[in-house]
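Structure first, then comments.
We did not get these values from a lab; they are worked out from the coordinates using the rules stated. Only a predicted model underlies this, so the values are computations on that prediction, with no experimental measurement involved. Every residue, glycine as well, gets a Cβ built from its backbone with ideal geometry; the counts of neighbours run over all protein chains shown.
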Ligand code: PLP
């Protein structure tokens, strides 16, 4: 296994030098948003300082250069996802916009009264609400697949719930609330065999390990740039180009048209069809820099995260009254937990006093929390730039919270 020098990696992230109340910040909230390496910050500022112009419509050199950068970024995203054709990569604001785009546009073309959309009970609200809106418009129905008490998709139930009415199966690769890695290749195979289209929400997987759309066999996949060390406001919808080309536009405006006439307008093919208006050019450039950065650290970075996960699981399990929520054997470095007698919000606030930053609450997964019969959790989520020392600081801080609240 390649060695991983976490101190050297941390030096790439200016924010990780931040101190809170005189202590070094332990940032354990990367599942919400990852910090940015200098390579990304520099790529974005270089773009604005030296390379910026509007794209696609300029005949002058600077605009052509900016266009080339934007399109190179698209090609890099395609390579990152092992997608054979960059035309399948649509730049969007993030996973939320990607799923809304598919639910709205694909939904208009394909969803009819009586159809079913199969989700899992562990989805982020971003992969529930757009489908509810689309279902309501079409007279279709959203069907949630149950999740086991260990926090895994009930695969037998998933297979059972797929049927002739299932038009779409949309599920997350990795649970943001629990860290569970779902068997998405198998779920995709089952759904495709039942004749459904498949969307994979790769928001929490693209940041931890390589994602291969060709191997998964899905029709759509999305992720947000900011969770993969990229800028905010940029994300990716990947779709099979032939599917995207057959979908109606999501938004109208400049750049997505072939010809505009008051008698009727015609649209470009994908991806431009879905990129109305001036896109987030700097975001795309920053995202490409982020993907280059994280790809170069793998697989050692992933192995490091898995060591942090194993250590955190072992240390937190040894704290009396602490219960880990979500104990699937295959997880990314996320530990969700509850502490007896202490509300997650209070735990989070007390950890903050020790400069340990975690997220608390329902993690935008209210249906999952209802299913598990809990109001929410405390979630520590680790990235490759976290250290074993930070895990031990989390443990020590939790022991202090425990002493205060037990
Ligand atoms: N899906 C999952 C699994 C997520 O974790 C998130 C964000 O937490 C989203 C979708 C939505 O991402 P964004 O808010 O960047 O659009």
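A few points about this structure:
- A full extension of the chain between residue 245 and residue 154 corresponds to an added length of 29.4 nm, given 0.36 nm per residue minus the alpha carbon distance.
- Dimensionless Rg over Rh [the range 93-157; C-alpha; Kirkwood]: 1.01
- Label-to-label distance, nm, for residues given as residue 215 and residue 42 (7 Å Cα→Cβ offset): 3.1
- Projected area, mean over directions - the range 1-155, Cα convex hull, nm²: 15.7
- Multiplying the residue separation of residue 85 and residue 57 by 0.36 nm and removing their Cα-Cα distance gives an extension gain of 7.8 nm.
- Normalised contact order of the chain, rounded percent, pairs of Cα under 8 Å and 6 or more residues apart: 22
- Cα-based Rg and Dmax for the range 144-206, where Dmax is the largest Cα-Cα distance (Å): 11.3, 31
- Separation between Cα centres of the range 221-265 and the range 306-340, rounded to whole Å: 39
- Radius of gyration and Dmax over the Cα atoms of the chain, both given in Å: 21.8, 73
- Mean Cβ count within 10 Å, highest first, over the residues of peptides 219-226, 370-377, 164-171: 219-226, 164-171, 370-377
- A protection proxy built from the mean count of other Cβ atoms within 10 Å ranks the segments 200-208, 103-111, most packed first, as 200-208, 103-111.
- The packing ranking of peptides 232-241, 344-353, 261-270, 245-254, highest mean first, is 232-241, 344-353, 245-254, 261-270, where packing means the average number of other beta carbon atoms within 10 angstrom of each residue.
- Entry note, the range 346-406: relative contact order of 37 percent, from Cα contacts under 8 Å with a spacing of 6+ residues.
- With a Förster radius of 45 Å applied to the C-beta separation of residue 314 and residue 133, the computed FRET efficiency comes to 0.55.
- Averaging 1/r over each pair of different alpha-carbon atoms in the range 183-274 and inverting the result gives 15.0 Å, the Kirkwood hydrodynamic radius.
- Of the residues 45, 113, the one with the fewest other Cβ atoms within 10 Å heads the list, and the complete ranking is 113, 45.
- Folded to 0 to 90 degrees: helix 184-193 orientation relative to the chain principal axis, Cα: 40
- Separation between Cα centres of the range 202-219 and the range 139-195, rounded to whole Å: 16
- Sorting 124, 362 from the fewest to the most surrounding beta carbons within 10 angstrom yields 362, 124.
- Inter-part distance where the range 377-406 and the range 41-75 are each reduced to a Cα centre, Å: 42
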